[in-house]
Number of protein chains: 2
Amino acid sequence: MKSLKTLQHGEGVPIRNIRIGSPFWSKVIDLIHQTVLPYQWEALNDRIPDAAPSFAVHNFEVAAGLKEGEFGGMLFQDSDLAKWLEAAAYRLQTHPDPELEQTVDGLIDLIEKAQMEDGYLNTYFQLKALDRRWTNLFECHELYCAGHMMEAAVAYYEATGKDKLLKVMQRMADHIDRTIGPEPGKLQGYPGHQEIELALVKMARALKDVRYLHMAKYFIDARGQEPHFFDAEWEKRDRISEWSHQLSSRPNKEYNQAHMPVREQTVAVGHAVRAVYMYAGMADVAVHTGDAGLLDACRRIWDNIVSKQMYITGGIGSSHHGEAFTFDYDLPNDTVYAETCASIGLIFFAWRMLLAEPKASYADVLERALYNTVLASMALDGRHFFYVNPLEVWPVASEKDPGKHHVRPVRQKWFGCACCPPNLARLLTSLGEYLYSVHENTLYTHLYIGGEMEAVVGGQRVSIVQETNYPWDGEIQLKIQEQTKRAIGLALRIPGWCRKAEILVNGKTVDVDGCMKNGYAVIERIWSKGDTIVLRLQMPVEVVYANPSVRENVWKGALQRGPLVYCLEEVDNGSNLPAMALCEDAALKIDVRPDLLGGIVVIEGIASRLADTEQERLYRFTPPETVEVSFTAIPYFLWGNRTPGEMLVWLPVRY
Amino acid sequence: MKSLKTLQHGEGVPIRNIRIGSPFWSKVIDLIHQTVLPYQWEALNDRIPDAAPSFAVHNFEVAAGLKEGEFGGMLFQDSDLAKWLEAAAYRLQTHPDPELEQTVDGLIDLIEKAQMEDGYLNTYFQLKALDRRWTNLFECHELYCAGHMMEAAVAYYEATGKDKLLKVMQRMADHIDRTIGPEPGKLQGYPGHQEIELALVKMARALKDVRYLHMAKYFIDARGQEPHFFDAEWEKRDRISEWSHQLSSRPNKEYNQAHMPVREQTVAVGHAVRAVYMYAGMADVAVHTGDAGLLDACRRIWDNIVSKQMYITGGIGSSHHGEAFTFDYDLPNDTVYAETCASIGLIFFAWRMLLAEPKASYADVLERALYNTVLASMALDGRHFFYVNPLEVWPVASEKDPGKHHVRPVRQKWFGCACCPPNLARLLTSLGEYLYSVHENTLYTHLYIGGEMEAVVGGQRVSIVQETNYPWDGEIQLKIQEQTKRAIGLALRIPGWCRKAEILVNGKTVDVDGCMKNGYAVIERIWSKGDTIVLRLQMPVEVVYANPSVRENVWKGALQRGPLVYCLEEVDNGSNLPAMALCEDAALKIDVRPDLLGGIVVIEGIASRLADTEQERLYRFTPPETVEVSFTAIPYFLWGNRTPGEMLVWLPVRY
C-alpha cells in the first residue's frame, strides 16, 4: 500500500474496540442480534411463511451442485446473502457467538463450493447464462454482487481471522482483474451498479495489496468516458436486455452516473443507491490515491445533495421512476422514494468524507439519515421493513393512485427485491464504526452513543466510557479511562441542530465558542484517568423550515428535537392531517411517555384544524372555519408501528 | 318514437335558431370557423409540418380503394374525422358556407365508398384485421367510432337535409343491430369505450325509429352484468390484446365502468371520458324510455363527481394512469389529468341532466367546464391544443419528473392521439345548443352569451335579443322581439358563483328571491315586443376555498370572478409561485386590460412572498422572511399563451 501517495485523512476506530451500551441503542442492537439476523437468515432460506421468497441460499446450493433446481429471484440475488453475511461478521466482531459463526462457516463453505475454477462467482450467470457473463455490465450486477461479497469477506476476516471467504473473493477479484481493465485485450468496462469500487478499497487494505486499489481507481476513471462503453456493449449484445430478453433502448447513462467522467460531475443524478455507493468509492479512491481533484468532485456533489436534494429525514431519491434523484429542490413528500439503501449509502459517503476532512456537517447528515430514514425502515418487531420512506402517507392514495402504489403505509415482511433489510442489518451491526475517528493527534466524537471505546491516538492508547440518554436527552458524559502521556485533542461534535452547547471538563466550563473548529469543540490536553467531560446540548423542540425553493414545503414546518424529526400519525391526531396547521403560539412541549412504543419522548402542542362545516360543497366563497386542537407528534422513525393510517412530517404553519 | 313512454323533460333550441354575437364569444367562434376547422382539416390530411401525423383521411382513402397504403394512427383514428365532420356540420347549421359544404360532401362520398357491403365501417379493421372485427369490443373502439360518425351524420343531416352519411350510418347501425344484441345468436356485448349510446339516441330521434333507442338501452342495460361479457370475450380471443398482440391481463372493468350494472353505480370511476359519455347516454336513455331509476343513478353519480371529484376548473380525471377518476377528494393539481375531452363529456352529461330537470346547478358545472378547462385547451392562435389541463405547472418538473411528463407547459400542434382538438371544435361550433332550453311553458336561459334566438315555447314563438359583455361583466339585457299571446315563463339562471342578483323588467325591479326555483328566477307573463329584462349579476373578485377534505388545497384559495377561474403565471409574477400567499388584506381589484391577450380583465392584489435569504441552507430553524409583493392573475383559460413558465391556480392563503 506504499506505492501510492495518499491524502491526509483520518481512520475509523475498529468496531471490535467499541462496545455500545446505551438506553436507546442497546435495544436496537439487541433486536438486530436476536431477531433481525435470525429472521433474515430464515428469509434467505425461504422459511418465512407468506413472505416473498428469496432463493438466495437456494441459488448457491444449486450452483455448488448440492441440489437440483433453477435460479430464483433477481439477477443480483447473491448480494442479499453477502450483506447478511457481512452483518453477521460485524456481530461476531463485537459479540462472539459460536453458533452464528458455525452457520456462517457453513455458508462460506457453500459459497466456496459454488465458485468456479477460474474464480468466477455469480449464481445467476452460473445457473442461467454462463455464456453471457461479462457481456452486460450495464444491466447485470456481476461487479455489484462481487463487491458485496468482498465486503462480507473482509468483515468476516476481521471478525474471525478466517480467510476462506477472503481468498474466495481474492480469486474472484483476480478473475475480474484478468477480465476487465484498461490493458489491451481486457474488457474496458465498468459496473452498471456501482459498489465494487469501495469494496476493492477494503480488499486492498485487508490484503495489503495496492493492485485492488488500482482496480477501484480504474472503475472510477473509466466511467463516463467516450467512446462510451455502455453503448458499445449494448451494440455488441445486439441491444438485447438481460431483463426482458427483448430489444432495449440505448442505455440511459444518467441513470447510473456514467453520463460524463465522474470528475466533471457536479450534481447528483440517477439511481440514488448507485450514486451514493459510487460517491463513497470516489472518496475512498481519492483519499487512498492522493487524488485531490477527485475529492473536490466529491465535495461538489455532496453539497448538491445536502443543500438541494435531501429530505429532512436524510432520505434521498425523490422519484420512484428509476429510484432516482430528480432535480434541485424537487422533494415531494407523498410520491417520494427515499429508499432505505440510499440513505445507508449516504451514510457511507458521509463517513468517507468525514474521514477525509473532519467537518461536523458530514456527521450531521450521517446522523440525520441514521436516526430518521434508516431507523424508520425497520418495525419495532425487527421483522417488517420499509423499502420506501415517505414523509406523507394517505393510505387510500397508496392503494388507489398508481403514482403512489410504491408508498406503502405498512412495513412488509420481505421483498422480491430485498436489498434493504440486509443492508440495514449490516449498517446497524457495524454502527460502532461511525462513533469516533482519529485524525492525527485528535480523537473525534461523531455520534453520541453510550458505551466503551478504545483507540490509538497519536501513538497513545485512549479509552473512554460514554454515558448518555441521547437522543432523548442532550447531556453526554465522557469519562477518560487511562492517563495519556502527551496532550491529545478530543474533538466533540456540536450537532448542527444544536443552537447552544455547554462543555464542562471536570466540572469546569469550557469556552465552547473559543475552541470550535469545523463544527467540533476541540479540547487538547494531557488526559488523566477519571477526567470527566460533560457535554450539554440544548435540545428544545424546533420548528424546521425548508428553503422556500422546495415548493412542496412552502408555508410549512417540520418538528424536530435533537436529531429526531417528528411526525403526526392518524392514530393520535385523526384523519386528514394536512388540515392541521401549527400556530405561532403552538405551545410546543415534550412529554416523556415510557408506555408508548417502547418508551419515547413525544411532542405536544396546539394546532389549528380546518373544520368541515359544509360537508357537501366542494368549492365555497367562505374560508373553512378553524378550530383549536391539541396534537401529538412522535419520532418519525417510529411511524407505522401502531394502527395503520395517515402520517405527515411537514405541517402547514400559520405564520 | 311513440312506443316508449318518456320522462317529462325539456328540449334544446335548435342550433340554427341561435345566432351568437357577443364581444367575448364572437372572437372564439370566428377563430373556430376561420382557423380551427381549416387547420384541423389540414391536420387530418397530414399537411401540418412538424405535427404528429393523423392518417385519418388517408385511412378512408385506402379503405375506399382510392389509394394503396397501410392503416396509420390509433385504432380509433376514424373518430377524429367524425368529430371534425360533426363540427363542420354545426358550422353549416349557423353559417352556410358552400366551400366547406363541398369539402364535407367530398368527405362523405369517401366515407360511403369505404363502407363495406354489409354496412360495416371501421378503417382499422377493414385494413388491418377484418377477421377480428367484433372480437374485441373491450379494447377496439368499433362502437365508439361508429357512435361518433352517427353523431356527425345526424348533425350534417340537420344542417343540410342531405342524408347520404345518415344512411351510411343507418346501414352501420343496422349491421350492429344484426351483430350485437340480447337476442340468441347475436353477440351479447357492449362497447369498451362508450359513446354509441348517446349517438343511437340521436339516430333514433333523427330517423324517428325507436329501434335505435332500444339498441342504446340494450348497451346500457347489458353493461356490467354477470357472467361478464369482457371476461368471456377475453378468453375467446385467447387473452390476446389487439394493442400489444401479446397476452393481456384480465379486463379491468372499473376502467370502463363495467364493474357492476350501471344502475348500481354510485361513484364515478375509471377512464373519465368513457365515464361521462356513458352517463350522458344513460341520461338520454332514461329520459327517452321513461326510466326513472336510471335517472336516479345519473343523479347519484353526478353528485359524486361535482361534490367530490371535480376540479375548480371543471376538469375531471385526477390521474394520468388510465386517464381516470381516482377517489373522493383526490384532486392533485400538478399530476392531474383533466383531459379536455373529459370536460367536454361532462358538458354533455350536464346538458342532458339539465334537460331532464332544469336545475341551475347542472348549468353551473357546464359553465365552469366551458369557461375554464374547455376554453383553456386551445391557444389564442387556434392552432395549438392541450390534452391535459393542469392547475399547477412547474416546467422543469414536467421535463424531468416522469410522473409529470404528461403535464405539458405548452400547447401542442397535434397529437398522436388527437381526440381532444376536434372534440373541442364540435363543442364550440355547437355552442348555441347550450344557451337555452324549453320546459313546457318556460324558456330557460343557461349561459349568458349575446346574440339572437328563436324558440317555440308552449306552442308560441318566442324571439329574444341578448346583449352582454359577459363573462367580463355581469349585466345581461334580454329584449323580447315578439308579442306572446299567452303567459310564458322566462327562467333566468342565477349562477352559483353569484351572491346577489338584480332583475329589472322594463326598468322595474323584480323580487328575485320571491321567484327563485331551482336556481332560476322565473318570470311568467304575457310578453310584449320590446319588453326588456335586465339581469345584473354581482361579479366581485372572490377567493374560493375547497372542501378541506381536498388535501391538495388545504390552507389555499383560488381566485374567481364570475365564471372565470384565475391563475398566476410566471411571466407576470416571477418564478416559484407557490412561495406567494394571499393575505387577508389582499386588496383584490380588477383591471381592464385591452392590450393583454386580446383584451381581458385581470385581478391584481397584494401577496406575501417567502424571501430566500439563506440561499444555501436547505433546512433552517427560522421561518423564511416574507415580503409584500403585488401580483397579477389572468383568467385560467388564457394561461400558456405568452412566455412559457410556471402557472398556479390554488394559492396559499394566510388566514
Farthest positive-ward along chain A dipole, Cα basis, beta-carbon charges - from A:Gly21, A:Cys341, A:Phe60: A:Gly21
query: So in the protein assembly as shown, what percent of DSSP beta bridges are antiparallel if you round to the nearest 5?
result: 95
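Note down the magnitude of the dipole of the protein assembly as shown about its Cα centre, charges +1 on Lys and Arg C-beta and -1 on Asp and Glu C-beta and zero elsewhere, to the nearest 20 debye.
Computed charge dipole of the protein assembly as shown: roughly 580 debye.
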field: For segment B:11-434: span of alpha carbons on each principal axis (Å, largest first)
entry: 56, 49, 46
- prompt: If only Cα atoms are counted, what is the Rg of segment B:541-654, and what is its Dmax, in Å?
  reply: 14.7, 47
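Counting only DSSP beta bridges with both residues in segment B:541-654, tell me the antiparallel percent, nearest 5.
Values: 29 of 30 bridges.
The antiparallel proportion sits near 95 percent.
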statement: Contact-by-burial set, segment B:589-628, min loss 20 Å², accessible area of protein heavy atoms with 1.4 Å probe, reference chain alone, gives B:Leu610, B:Asp612, B:Gln615, B:Glu616, B:Leu618, B:Tyr619, B:Arg620, B:Phe621, B:Pro623, B:Pro624
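When the helix-only estimate is applied to chain B (DSSP H runs of n ≥ 4, each -39,500 (n - 2.57), divided by the residue count), what is the mean residue ellipticity at 222 nm, nearest 500 deg cm²/dmol?
Values: 19 runs with 218 residues, N = 655.
Value at 222 nm, helices only: -10000 deg cm²/dmol.
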query: Taking all pairs of different Cα atoms in segment B:197-264, averaging 1/r and flipping that mean, what Kirkwood radius in angstroms comes out?
result: 13.6
- request: Output the pairs from A:Lys217/B:Lys400; A:Lys253/A:Lys413; B:Lys202/B:Lys236; A:Lys253/A:Lys308 with a Cα-Cα distance over 24 Å in this structure; if there are none, say none.
  value: A:Lys217/B:Lys400; A:Lys253/A:Lys413; B:Lys202/B:Lys236
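Enter the per residue convex hull volume of segment A:40-165, computed from alpha-carbon coordinates, in Å³ rounded to the nearest integer.
Details: hull volume 13.3 nm³, N = 126.
Each residue corresponds to 105 Å³ of Cα convex hull volume.
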message: Below 17 Å, Cα to Cα, which lysines can A:Lys529 reach? Residues fewer than 8 away in the same chain don't count.
response: A:Lys479, A:Lys485, A:Lys508
- prompt: Between B:Ser244 and the same site in the other copies, what are the distances in nm, shortest first, taking label points 7 Å from Cα along the C-beta direction?
  reply: 1.0
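To two decimal places, what compactness ratio does segment B:338-439 give when its Cα radius of gyration is scaled by 2.2 N^0.38 Å?
On the way: Rg = 15.3 Å, N = 102, 2.2 N^0.38 = 12.8 Å.
So the Cα radius of gyration is 1.20 times the expected 2.2 N^0.38 Å.
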message: Along the charge dipole of segment B:570-617, pointing to its positive end and built from +1/-1 on Cβ of Lys, Arg, Asp and Glu, which listed residue (B:Gly599, B:Gly574, B:Leu588) has its Cα farthest out?
response: B:Gly599
message: Let me spell out the model: positive unit charges on the Cβ of Lys and Arg, negative unit charges on the Cβ of Asp and Glu, origin at the Cα centre of segment B:286-438. What dipole size does that give, in debye rounded to 20?
response: 360
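If you add up the charges near B:Gln466, with Lys and Arg at +1 and Asp and Glu at -1, over every other residue whose beta carbon is less than 9 angstrom from its beta carbon, what do you get?
So the surrounding residues net to -1.
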query: Across peptide B:192-202, what mean number of C-beta atoms from other chains lies inside 10 Å of a residue's C-beta?
result: 0
Heavy-atom accessible area ranking, 1.4 Å probe, most first, across B:Thr622, B:Thr509: B:Thr509, B:Thr622
query: If you rank B:Arg525, A:Arg250 by how much accessible surface each has, with a 1.4 Å probe, what is the order from largest down?
result: A:Arg250, B:Arg525
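May I ask you to give the percent of accessible area on segment B:11-434 that is carbon plus sulfur, with a probe radius of 1.4 Å? Write down the numbers at each step before the final one.
Working: 6810 of 13400 Å².
Roughly 51 percent of what the probe reaches on segment B:11-434 is carbon or sulfur.
Two decimals is fine: what's Rg over Rh for the protein assembly as shown, C-alpha atoms, Kirkwood radius as Rh? Intermediate values should be presented prior to the final figure.
Details: Rg = 35.4 Å, Rh = 34.4 Å.
Here the Rg-to-Rh quotient is 1.03.
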field: Axis-proximal residue, chain A, for the rotation superposing A on B (Cβ, Å)
entry: A:Gly403, 3
query: In whole Å, what three semi-axes, largest first, describe the equivalent ellipsoid of segment A:250-321 built from its Cα gyration tensor (square root of 5 times each eigenvalue)?
result: 20, 16, 10
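Averaged over peptide B:390-396, how many Cβ atoms belonging to another chain are found within 10 Å of each residue's Cβ?
On the way: counts 0, 0, 1, 0, 3, 0, 5.
Shielding by partners across B:390-396 averages 1.
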task: Roll a 1.4 Å probe over the protein heavy atoms and report the accessible area of A:Ser248 in Å², nearest 10.
output: 30
query: What total accessible surface area, summed over both chains, is buried at the interface between chains B and A, computed with a 1.4 Å probe and given in Å² to the nearest 100?
result: 5600
- prompt: Quick one: of the DSSP bridges fully inside chain A, what percent are antiparallel, nearest 5?
  reply: 95
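Could you order B:Lys164, A:Lys113 by accessible surface area, starting with the largest, using a probe radius of 1.4 Å?
Greatest to least solvent exposure: A:Lys113, B:Lys164.
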task: Only Lys, Arg, Asp and Glu count, each charged at its Cβ (+1, +1, -1, -1), so figure out the dipole size of segment B:11-434 about its Cα centre, rounded to 20 debye.
output: 340
query: Excluding same-chain residues fewer than 8 positions from B:Lys517, which aspartates and glutamates have a Cα within less than 14 Å of its Cα?
result: B:Glu357
query: Where the centroid of each part is defined by its Cα atoms, how far is segment B:598-655 from segment B:87-109 in Å?
result: 46
message: 7 Å along Cα→Cβ for the label point: how many nanometres lie between B:Gly514 and each equivalent label in the other copies, listed shortest first?
response: 9.0
- prompt: Sorted from shortest, what are the nm distances separating the label point of A:Val629 from equivalent points in the other copies, each placed 7 Å from Cα along Cα to C-beta?
  reply: 3.3
field: Ordering of A:441-448, A:229-236 by packing [mean C-beta count within 10 Å, highest first]
entry: A:441-448, A:229-236
task: On the full set of protein chains, 1.4 Å probe, figure out the accessible area of B:His33 and give it in Å² to the nearest 10.
output: 20
- line: Probe 1.4 Å, all chains present, heavy atoms only: B:Met516 accessible area in Å², nearest 10, is 70
message: Just checking the output field for B:546-559: average partner chain Cβ neighbours within 10 Å of each residue's Cβ?
response: 6
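The values are calculated or read from the model by the stated rules, or taken from the named source; none is laboratory data. As the structure is a computational prediction, the values presented were derived from the model and not from experiment. Neighbour counts run over all protein chains shown; Cβ positions are idealised from the backbone, glycine included. With ligands, DNA and RNA removed, areas are computed over all heavy atoms of the protein, side chains included. Shrake-Rupley method; radii C 1.70, N 1.55, O 1.52, S 1.80 Å.
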